[in-house]
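Input: a single structure, listed below in structure tokens.
Values quoted throughout were computed directly from the atomic coordinates according to the rules given, and no laboratory measurement underlies them. The structure displayed is predicted, hence computed values, not measured ones. Using ideal geometry, Cβ is built from the backbone for each residue, glycine included, and neighbour counts are taken over all protein chains shown.
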Amino acid sequence: MARWRLGGPVLAAALALVLAADPAAACPRPQGWTGGANIAGELWTAWWRPEPAPIPVGAHFSVRFHLCGPPVGRVGVRGWMPDHRHGMNYRPAVTLDGLSGTAEGLLFHMPGRWQLILDVRGASGREKLTGETAPAFDFTAREKRRILRHGPWPLASKPDPSNRVSGKPAAIGFGRALFFDPRLSLSGAVSCATCHQPDRAWTDGLPRSRGQRIVDRNAPSLFNLRFNRWFGWDGAQDTLWAQNLRPLLDRREMGVGPGGAARLVRSDRQLSCGYRRAFGAAPGADDERVFVDLGKALAAFLETRVTGRTPFDDFRDALARGDATGMARYPAAARRGLRLFVGRGNCSFCHFGPAFTNGEFADAGVPHFVEPGRVDPGRHGGIRELRRSPYTLLGRFNDDAERSTAARTRYVRLRQSNFGEFRVPGLRNVALTAPYMHAGSLETLAGVALHYSTLDEERLHAGGERILRRLDLSARERADLVAFLETLTEKGPLHESAMKTGNALCR
Amino acid sequence: MFSRRRFLAASTGAALLPSAARAVGASLPIFDAHIHFSHDAAGLFSADEAVAILEKARLKRALVSSSGDAGTRALYAAAPDLVLPSLRPYRRRGEIGSWVDDPSVIDFLEDRVKRFKWVAVGEFHLFASQTGKAVPRRMIELARQHNLLLHAHSDAGAIDGIFAQWPEARVLWAHAGFVDPDVVGPMLGKHANLWTDLAFRSEHAHGGRVEDDWRSLFAAFPDRVTVGTDTFTPERWHYVARHADWTRQWLADLPHDLAEKIAWRNGEAMIRPHLAQLR
């Protein structure tokens with residue numbers, strides 16, 4: 001097997017298949033083959049395998065094939081680039097032995113999407129079997145650099161210096177208990193988990209969430225919050241602990257407020273004990289101090305919700321170490337979608353880095369009327385709220401005397417372009433967190449791909465650099481983009497529901 | 001010409017003003033030189049509702065242009081003392097990039113100029129490489145024939161191109177060209193009939209303080225700067241009042257006379273020679 005040279009002009013591709021329903025059952029893999037690809041037609045089904053594999057770009061290779069079906073008289077083999085509408089510069093020679101054969105002298109002279117076509121003729125008829133070659137390894141050096149920036153995963157992390165109980169097990173347990181406690185709402189019926197349900201990837205599946213009343217925005221997932229710079233769709237909070245106070249203050253959400261929350265913790269034996277274990281002292285008489293501490297315990301719990309590895313991470317790491325076999329496991333459609341994501345789509349410009357977000361805010365051309373006559377100002381309102389809030393890194397509740405993480409708050413600037421901007425969300429586990437955008441206006445990932453494909457550029461201001469462009473993606477390209485996004489999601493059940501059943505805080 | 005010496009002198013002069021001379025801008029009326037009431041906004045709320053928003057923001061005047069002209073006409077009919085109608089060469093917002101190559105735009109403009117009264121043409125998007133094209137040249141010619149202000153979203157090259165075609169033109173440079181004061185200043189120095197609007201700009205003020213390089217520009221050209229909201233989406237109509245308040249906040253950091261000029265007097269002076277077109 002030829003080695004794939006990462007830095008050279010060699011591009012390798014593994015053959016992928018356009019599969020009919022379980023064709024392998026009718027046409028088993030030829031004896032002695034490992035790898036190879038299967039393609040089913042009406043008359044014949046073919047197994048084929050490039051040699052060397054993966055296919056190098058700019059070097060000759062051969063294809064071995066085996067057909068299942070009626071007798072064959074002649075087989076032609078050629079390559080085709082459907083996006084460029086041209087084929088190879090070489091006409092391969094085919095030798096046939098019954099239903100098996102070899103084509104020699106093929107050469108893909110440029111990187112990109114190539115199809116391999118077997119033109120099969122026999123007494124029963126003629127059929128062209130078209131297989132997609134998977135351009136797994138034909139990323140340009142620039143694309144490769146961009147892909148590698150999305151890892152490795154998981155990220156290293158350290159405790160939040162603004163939160164003195166960050167990372168402490170007792171605080172994590174206390175925070176978990178608080179998260180599921182509906183007594184932290186005015187009605188006694190709404191908990192954090194009402195809108196952030198663990199078995200729904202910490203969302204509620206609704207376009208706009210309903211706490212005690214319907215709110216203006218979609219409940220985002222709670223994964224990977226510890227890596228955020230700003231919190232909430234508008235970034236009105238600069239810490240996770242401050243963000244946790246927001247629903248407790250907002251009467252549409254839970255609204256218990258500092259006094260109600262502190263009284264509950266002081267009066268409930270379990271919560272009072274949990275507080276004491278987390279913070280090393282019984283809840284004091286200062287309601288606001290106790291209230292903020294609840295936000296910090298909740299933050300300690302939420303910091304633990306970090307997504308696991310995904311098929312994309314396996315591919316990305318295989319790409320990093322030049323492991324062609326590892327890369328070949330990544331689906332062809334996802335590879336094409338990834339190329340769009342880091343290339344023409346320019347998605348990685350904002351959905352940057354291992355968490356797939358630059359942590360900032362953007363106007364993605366999504367209307368932001370809440371209802372007729374009322375607008376969600378987005379980031380513009382968030383910065384103004386931040387400046388009014390006592391619960392920021394610049395305030396007295398920051399446990400870090402050095403204010404070592406406060407630069408974001410100290411230097412943030414209010415801009416006219418902030419009006420209508422919303423946080424660029426991370427994309428890990430994105431397939432589990434529908435609906436999408438700040439008010440859940442797009443039901444599916446396919447809808448998101450269509451939004452950017454048909455983007456109304458006139459909604460975006462014409463001044464300055466135009467990052468977003470109408471992408472005009474074909475249906476297949478949109479499907480590829482979705483296929484890629486789905487590989488950012490962990491495989492298998494998340495087991496987040498287990499979070500609901502905690503032990504008693506104190507016995 | 002806008003020289004560095006003049007720039008520094010202006011800056012120093014502003015800095016030496018006693019604090020008592022600084023006016024509080026909270027009560028200033030505003031001439032908003034950059035309002036659109038395009039088809040998508042006009043489909044969401046009525047002209048009366050739009051006028052109520054402008055009045056609530058305490059605007060003295062609003063230079064209004066719209067993609068799809070109906071919005072401008074409806075606003076002008078609803079509030080002729082408040083609204084200054086400007087003819088935009090776009091029938092839909094999507095024509096921002098295509099109008100310069102679309103001869104039917106000329107038919108549209110000629111028809112509208114005949115049928116209605118205007119004070120300006122624009123806001124149009126025109127860049128240096130496009131100023132020689134037939135459609136923008138004819139548009140500028142129409143403006144000349146009817147004594148209309150030109151509201152140009154342009155780079156500096158296109159502004160030069162407009163004045164090359166029509167040296168007596170009066171031009172409002174939208175967004176101050178999205179360029180820094182060291183580019184705006186020389187342009188204002190070069191073209192005596194050039195004004196700027198600061199719509200969708202944020203760099204000139206922060207936390208109620210005017211940045212030094214902009215302060216120098218304002219002091220050097222006190223009669224040539226205006227402000228504007230730019231309601232380029234329907235949602236931004238709900239930003240008009242907030243923008244006016246923000247503007248008053250940073251204007252309060254300037255000497256009263258200068259603040260008043262930027263707030264509304266410059267806009268009034270800029271538009272005055274064109275008001276006869278409305279009679």
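Mean residue ellipticity at 222 nm, helices only, chain A: -7500 deg cm²/dmol; runs of at least 4 DSSP H residues each add -39,500 (n - 2.57), and the sum is divided by the number of residues.
Each Lys or Arg adds one and each Asp or Glu takes one away; over the other residues whose Cβ falls under 10 Å from the Cβ of A:Leu471, this sums to +2.
Its alpha carbons give the protein assembly as shown an Rg and a Dmax of 32.0, 102 Å. The three principal axes of the Cα atoms in segment B:76-215 give end-to-end lengths of 46, 38, 29 Å, sorted in falling order.
Positive contributions from Lys and Arg (+1) and negative ones from Asp and Glu (-1), summed over other residues with Cβ under 15 Å from the Cβ of A:Gly211, come out at +3. The string of couplings for segment B:169-175 from the Karplus curve (6.51, -1.76, 1.60, θ = phi - 60°) is 4, 10, 10, 9, 8, 4, 6 Hz, one whole number per residue in order, with x for Gly and Pro.
Would you work out the charge dipole size for segment A:152-203 about its Cα centre, treating the Cβ of every Lys and Arg as +1 and the Cβ of every Asp and Glu as -1, and quote it to the nearest 20 debye?
Working: 6 positive and 3 negative charges, 30 e Å.
Value, rounded to 20: 140 debye.
So in the protein assembly as shown, what percent of DSSP beta bridges are antiparallel if you round to the nearest 5? Could the numbers behind the result be given before it?
On the way: 53 of 80 bridges.
Expressed as a percentage, antiparallel bridges in the protein assembly as shown total about 65.
Projecting the Cα atoms of B:Trp237, A:Cys350, A:Thr325 onto the dipole axis of the protein assembly as shown, where Lys and Arg carry +1 and Asp and Glu carry -1 at the beta carbon, places A:Thr325 farthest toward the positive end. Take the Cα of A:Asp250, step 7 Å along the line toward its Cβ, and report every residue of segment A:201-221 whose backbone nitrogen sits under 12 Å from that point. Under 12 Å, as judged by backbone N against the label point of A:Asp250, lie A:208-220 of segment A:201-221. Residues of segment B:176-190 falling in the label zone of B:Asp160, defined by backbone nitrogen less than 14 Å from a point 7 Å along Cα to beta-carbon, are B:183-184, B:186-190. Rg and Dmax of segment A:427-506, based on Cα coordinates, read 17.8, 60 Å.
Between the beta carbons of A:Thr444 and A:Leu43, assuming R0 = 45 Å, the FRET efficiency works out to 0.75 to the nearest 0.05.
Normalised by residue count, segment A:332-402 yields a Cα convex hull volume of 156 Å³ per residue. The residues packed around A:Glu253, meaning those with a beta-carbon under 10 Å from its beta-carbon, carry a net charge of +4 if Lys and Arg are +1 and Asp and Glu are -1.
Per residue of B:225-236, how many C-beta atoms from partner chains lie within 10 Å of its own C-beta, taken as a mean? Let's see the in-between values first.
On the way: counts 0, 0, 0, 0, 2, 4, 0, 6, 13, 5, 11, 5.
So the per-residue partner count for this stretch is 4.
The peptide list B:220-228, B:185-193, put in order of mean Cβ contacts within 10 Å with the highest first, becomes B:220-228, B:185-193.
Mind checking Rg over Rh on segment B:146-279, alpha carbons, Kirkwood formula for Rh?
Working: Rg = 14.7 Å, Rh = 15.3 Å.
Rg/Rh for segment B:146-279 comes to 0.96.
Between B:Ala158, B:Ala26, B:Ala74, the Gaussian network model of chain B with springs among Cα atoms under 10 angstrom shows the greatest mean-square fluctuation at B:Ala26. About its Cα centre, the dipole of the protein assembly as shown is roughly 1120 debye, where the only charges are +1 on Lys and Arg Cβ and -1 on Asp and Glu Cβ.
In this entry, segment A:374-507 is assigned a mean projected area of 13.7 nm², taken as a quarter of its C-alpha convex hull surface. Computed from the Kirkwood radius of its Cα pairs, the Stokes-Einstein diffusion coefficient for segment A:280-401 at 25 °C and 0.890 mPa s stands at 127 µm²/s. Lone cysteines in the protein assembly as shown, going by a 4.7 Å Cβ-Cβ cut-off? Those would be A:Cys192, A:Cys195, A:Cys347, A:Cys350, since no other cysteine Cβ in the protein assembly as shown comes under 4.7 Å of theirs.
Relative to the dominant Cα principal axis of chain B, helix B:134-145 is inclined by about 70°. Across the cross-link table entries A:Lys168/A:Lys500; A:Lys128/A:Lys491; A:Lys144/A:Lys296, which are compared at the Cα atoms, the separations over 31 Å belong to A:Lys128/A:Lys491; A:Lys144/A:Lys296.
Excluding the site residues themselves, the longest part of chain A lacking any GluC sites (Glu not before Pro) in a DSSP loop with at most 14 other Cβ atoms within 10 Å is A:43-359. Can you compute the FRET efficiency between B:Arg115 and B:Ala52 using 1/(1 + (r/R0)^6), with r the Cβ-Cβ distance and R0 = 30 Å? Round to the nearest 0.05. With R0 = 30 Å, the Cβ-Cβ based efficiency is 0.65. Proximity of backbone amide H atoms, modeled 1.01 Å from N, is registered between A:Glu490 and A:Asn429 at under 5 Å, excluding neighbours fewer than 5 places apart on the same chain. Rounded to the nearest whole angstrom, the semi-axes of the ellipsoid equivalent to chain B, taken from the Cα gyration tensor as √(5λ), stand at 30, 23, 15, largest first. Its Kirkwood hydrodynamic radius, worked out from the mean inverse distance over all distinct Cα pairs, puts segment A:66-187 at 20.4 Å.
Over all projection directions, the Cα-based convex hull of segment A:242-295 averages an area of 3.3 nm².
Label-to-label distance for A:Asp323 and A:Glu402 is 3.7 nm, based on points extended 7 Å past Cα in the beta-carbon direction. Normalising the Debye intensity of segment A:133-281 to I(0), with uniform scatterers on Cα atoms only, and taking log10 at q = 0.14, 0.15, 0.16, 0.17 Å⁻¹ returns -0.78, -0.87, -0.96, -1.06. Legend: mean number of C-beta atoms from other chains within 10 angstrom of residue C-beta atoms, peptide A:358-369, equals 1. Shown is the FRET efficiency for A:His84 and A:Gln31, computed with R0 = 51 Å from the Cβ-Cβ distance and rounded to the nearest 0.05: 0.85. Positive end of the dipole of the protein assembly as shown (Cβ unit charges, origin at the Cα centre): among A:Val375, B:Ala128, B:Thr196, the Cα lying farthest that way belongs to A:Val375.
Peptides B:241-252, B:56-67 ranked from most to least packed by the mean count of surrounding Cβ atoms within 10 Å: B:56-67, B:241-252. With the largest listed first and rounded to whole Å, the semi-axes of the equivalent ellipsoid of segment A:383-438 from the Cα gyration tensor are 27, 17, 10.
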